[in-house]
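No value in this document is a laboratory result; all are computed from the given coordinates. Keep in mind the model is a prediction, meaning the values are calculated, not measured. Every residue, glycine among them, receives a Cβ derived from its backbone with ideal geometry; neighbour counts consider all protein chains shown.
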Amino acid sequence: VYQKASESGSKAVDLHFYLGVLLYNSGRAEEAEAAYRKAIALGYRTAGVYGNLGIILSETRRTQEAEAMIKKGLELGPNNPWLHALLGWSLIENHRWEEAASVLRKCVELEPKGPHALSAMNNLGFALIRLGDLEGAEKVIGQALDIKPDDLDASSCRALLLATMGANLDEALERAKKGTQPAKAHGWSWEVLGFVHFRRGEFDQAIEPL
């Protein structure tokens, strides 16, 4: 219905946004992107449309443009924790660790235990490891595991931390393997597993995940 109305030239600009949501949820990201861009061109400029477009751009490795779109969303919703979480991840993708840590801390501050806090904590822990702040990373990853002890991303972050520290490598291996269990595990979870094997001196096993 939304698509037919859109194709008929409907002037209801929000219709293009909702069409984009439906298309994205149906696995048609390219068409969803076009719908979001159409909505913006027609004047539908909300935190949601910029954030959703930013997600698609990030997933298709257009990280610079993703960052720009998410920042436009934040101009409209400066206290939106979801957008802070998105921006933090975008900055991580662009290897801007300090900026990412600052944005992700803001997300956790805005929403200490809400639906976006867990992913923000995991990503903050990752950024802090990259910055060499292992004590800070240990604290925030511990907070994430307190919220959801079986969270797979938090488990991978804990594994990366332990391997970086060279401590409790048996636990690190167990957690790294756990993080790669889902069929669609993040690529970085496999990198963590390879790194853990490397730190354990298991070089043959390190090669396969990497």
*Give, in nm to one decimal, the length gained when the segment between Lys113 and Asn25 is fully stretched (0.36 nm per residue of separation minus the Cα-Cα distance).*
29.1 nm
*For the pair Leu76 and Glu98, what calculated FRET efficiency results from E = 1/(1 + (r/R0)^6), where r is the Cβ-Cβ distance and R0 = 35 Å, to the nearest 0.05?*
0.90
*Can you run the Rg to Rh ratio on region 125-210? Use alpha carbon positions and the Kirkwood inverse-distance Rh.*
0.95
*asked:* What are the ³J(HN,Hα) couplings of region 132-148, residue after residue, when phi is run through the Karplus curve with 6.51, -1.76, 1.60 and θ = phi - 60°? Round to Hz, x for glycine and proline.
replied: x, 8, 6, 5, x, 5, 4, 5, 6, 5, x, 5, 4, 5, 5, 5, 8
*asked:* Taking the alpha-carbon distance from Lys38 and a cut-off under 13 Å, which aspartates and glutamates remain once sequence neighbours fewer than 8 residues away in the same chain are dropped?
replied: Glu7, Asp14, Glu30
_Cα-based convex hull, the chain, per residue volume (Å³, whole number)_ = 122
*FRET efficiency, Thr46 to Gln181 (Cβ-Cβ, R0 41 Å, nearest 0.05)*: 0.65
*asked:* Given contacts defined as C-alpha pairs under 8 Å and at least six residues apart, what's the relative contact order of region 57-210, whole-number percent?
replied: 13
_Relative contact order computed over region 65-152 (Cα-Cα under 8 Å; 6+ residues apart), in percent_ = 22
*Efficiency by 1/(1 + (r/R0)^6): what FRET value for Ile147 and Glu59, r their Cβ-Cβ distance, R0 = 22 Å, to the nearest 0.05?*
0.30
*asked:* Just to compare against my own numbers: the Cα pair-distance distribution for region 71-135, 10 Å bins, whole % per bin, please.
replied: 27, 55, 18, 1
*Pop out the ³J(HN,Hα) list for region 103-117 in order, Karplus 6.51 cos²θ - 1.76 cosθ + 1.60 with θ = phi - 60°, rounded to Hz; leave Gly and Pro as x.*
5, 5, 4, 5, 4, 5, 5, 6, 9, x, 9, x, x, 9, 5
*So what is the relative contact order for region 8-126, in percent, with contacts set as C-alpha pairs under 8 Å and at least six apart?*
16
*For the chain, modelled as a Gaussian network with Cα springs under 10 Å, which listed residue fluctuates most, Arg45, Arg61, Arg175?*
Arg61
_Integer Hz, Karplus 6.51/-1.76/1.60 couplings in order for region 24-36, x for Gly and Pro_ = 4, 5, 9, x, 10, 5, 5, 5, 4, 4, 4, 5, 5
*To the nearest 10 degrees, how steep is helix 47-59 against the longest Cα principal axis of the chain, on a 0 to 90 scale?*
50
